[in-house]
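J.: Dumping the structure here so I can ask a few things about it.
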Amino acid sequence: MFNVLEPQVCFQEVPNEIALGIVCTGCQLGCKGCHSPQSWNANLGTPLTQTVFAGWLRRYEGLITCVVFFGGEWQEHRLLPLLRYAQSQGLKTCLYTGLDCVSEQLKNELTYLKTGRYIQSHGGLGQQSTNQKFIDVASGQLLNSYFIKG
């Protein structure tokens with residue numbers, strides 16, 4: 001089962017995009033200080049089907065420019081068709097993962113990719129000391145500077 005929490009429109013997670021943020025449940029990393037510890041429990045949320053996903057995209061059509069999945073890489077076979085569908089609807093795609101890398105298949109379906117476990121002492125994307133990377137997949141350009149206020 002591929003469960004997710006109710007999506008939310010996001011303005012800060014993907015630079016220069018208005019994104020529909022979807023938190024996938026079942027994360028096995030359990031990073032201390034995680035902003036979404038509810039995502040650890042695979043039984044939370046509701047199953048994300050193609051039909052449900054298409055309905056959400058219709059609901060937010062004209063408002064969002066990107067879909068960002070927070071996790072889900074652990075069920076790549078379920079995530080890939082959703083990414084492809086979002087792209088077919090003219091949307092950019094993004095994945096936030098705590099892993100340091102993902103498969104080439106996933107990268108091929110992504111516009112943006114955030115990698116790296118959250119380590120409290122290093123901070124998140126808004127910190128110079130972060131271990132996390134936010135990249136434009138096609139160019140390989142590191143976009144962390146968009147998150148750092150200063």
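The values are calculated or read from the model by the stated rules, or taken from the named source; none is laboratory data. None of these values were measured; they are calculated from a predicted model. Cβ placement follows ideal geometry from the backbone for every residue including glycine, while neighbour counts extend to all protein chains displayed. What goes into the accessible areas is simple: the full protein's heavy atoms, side chains included, and nothing from ligands, DNA or RNA. Shrake-Rupley method; radii C 1.70, N 1.55, O 1.52, S 1.80 Å.
J.: Give the residues of the range 18-27 that are outside any strand (DSSP E or B) and crowded, with 19+ Cβ neighbours inside 10 Å, sorted by residue number.
T.: Selection gives Thr25, Gly26, Cys27.
J.: Filter the range 28-44 down to residues that are outside any helix (DSSP H, G or I) and over 21 Å from Gly126 (Cβ atoms) and give me whichever is most open to solvent (accessible area, probe 1.4 Å). Even if it seems obvious, please write down each step before you answer.
T.: Narrowing the range 28-44 to residues outside any helix (DSSP H, G or I): 28-36, 41-44.
Checking the rest, the ones that are also over 21 Å from Gly126 (Cβ atoms) come to 28, 30, 41-44.
Details: Gln28: 161, Gly30: 33, Asn41: 69, Ala42: 56, Asn43: 134, Leu44: 70 Å².
Within the range 28-44, the match that is most open to solvent (accessible area, probe 1.4 Å) is Gln28.
J.: Can you confirm whether Thr51 is β-branched (Val, Ile, Thr) and in a helix (DSSP H, G or I)? Let's see the steps before the verdict.
T.: Working: β-branched (Val, Ile, Thr): yes; in a helix (DSSP H, G or I): yes.
Here the answer is yes, as Thr51 does meet what is asked.
J.: Going through the range 103-142 one residue at a time, which ones are in contact with a strand residue (DSSP E or B) (Cβ under 8 Å, 6 or more places away or on another chain), surrounded by fewer than 17 Cβ atoms within 10 Å (Cβ to Cβ) and closer than 28 Å to Ala54 by Cβ?
T.: If we filter the range 103-142 for residues that are in contact with a strand residue (DSSP E or B) (Cβ under 8 Å, 6 or more places away or on another chain), which is where we start, we get 106-107, 109-116, 125, 132-137, 141-142.
Filter once more, so that each one left must be surrounded by fewer than 17 Cβ atoms within 10 Å (Cβ to Cβ): 107, 133, 136, 141-142.
Of everything in the range 103-142, those that are in contact with a strand residue (DSSP E or B) (Cβ under 8 Å, 6 or more places away or on another chain), surrounded by fewer than 17 Cβ atoms within 10 Å (Cβ to Cβ) and closer than 28 Å to Ala54 by Cβ turn out to be Lys107, Asp136.
J.: Would you pick out the residues in the range 88-118 that are free of Cβ contacts under 8 Å to residues at least 24 places away in the same chain and either touching a Pro at 6+ places or on another chain (Cβ under 8 Å) or among the small types (Gly, Ala, Ser) (or both)?
T.: Those that are free of Cβ contacts under 8 Å to residues at least 24 places away in the same chain and either touching a Pro at 6+ places or on another chain (Cβ under 8 Å) or among the small types (Gly, Ala, Ser) (or both): Ser88, Gly90, Gly116.
J.: Checking the conditions here, which among Trp74, Trp56 is over 26 Å from Asn131 (Cβ atoms) and touching a residue at least 24 places away in the same chain (Cβ under 8 Å)?
T.: Details: Trp74 fails: over 26 Å from Asn131 (Cβ atoms).
Selected residue: Trp56, the only one of Trp74, Trp56 that is over 26 Å from Asn131 (Cβ atoms) and touching a residue at least 24 places away in the same chain (Cβ under 8 Å).
J.: On to the next question. If you check Leu82 against the conditions, is it in contact with a helix residue (DSSP H, G or I) (Cβ under 6 Å, 6 or more places away or on another chain), modelled with pLDDT of 95 or more and among the aliphatic types (A, V, I, L, M)?
T.: Numbers: in contact with a helix residue (DSSP H, G or I) (Cβ under 6 Å, 6 or more places away or on another chain): yes; modelled with pLDDT of 95 or more: yes; among the aliphatic types (A, V, I, L, M): yes.
Answer is yes for this residue.
J.: Which of the numbered conditions does Lys149 fail, given that it passes all the others? Conditions: (1) part of a loop (DSSP other than H, G, I, E, B); (2) open to solvent by 70 Å² or more (accessible area, probe 1.4 Å); (3) over 17 Å from Phe11 (Cα atoms).
T.: (3)
J.: Report yes if some residue within the range 4-17 is open to solvent by 70 Å² or more (accessible area, probe 1.4 Å), out of contact with any His (no Cβ under 8 Å at 6 or more places or on another chain), outside any strand (DSSP E or B) and over 19 Å from Asn144 (Cβ atoms); otherwise report no. Spell out the reasoning first.
T.: Taking the range 4-17 and keeping what is open to solvent by 70 Å² or more (accessible area, probe 1.4 Å), we get 6, 8, 11-12, 16.
Cutting the leftovers down to out of contact with any His (no Cβ under 8 Å at 6 or more places or on another chain) gives us 6, 8, 11-12, 16.
This time we only want the ones that are outside any strand (DSSP E or B), so: 6, 11-12, 16.
Now narrow it down to the ones that are over 19 Å from Asn144 (Cβ atoms): 6.
The answer is yes, given that some residue of the range 4-17 is open to solvent by 70 Å² or more (accessible area, probe 1.4 Å), out of contact with any His (no Cβ under 8 Å at 6 or more places or on another chain), outside any strand (DSSP E or B) and over 19 Å from Asn144 (Cβ atoms).
J.: Given the conditions (1) within 17 Å of Glu73 (Cα to Cα); (2) at pLDDT 95 or above, and given that Arg117 satisfies all but one, which numbered condition is not satisfied?
T.: (2)
J.: Within the range 55-97, can you find the residues that are in contact with a strand residue (DSSP E or B) (Cβ under 8 Å, 6 or more places away or on another chain), outside any helix (DSSP H, G or I) and more than 19 Å from Phe11 (Cα to Cα)?
T.: Matches in the range 55-97: Gly72 only.
J.: While we're here: Which pairs have Cβ atoms under 8 Å, sit 6 or more apart or on different chains, and link a residue in the range 124-147 that is under 15 Å from Leu110 (Cβ atoms) to one that is open to solvent by less than 30 Å² (accessible area, probe 1.4 Å) and of a type in the set (Val, Ile, Thr)?
T.: Lys133/Thr115; Ile135/Thr115
J.: Additional query: For Gly26, state whether it is small (Gly, Ala, Ser) and more than 25 Å from Phe147 (Cα to Cα).
T.: Working: small (Gly, Ala, Ser): yes; more than 25 Å from Phe147 (Cα to Cα): yes.
Judged against the criteria, Gly26 is a match.
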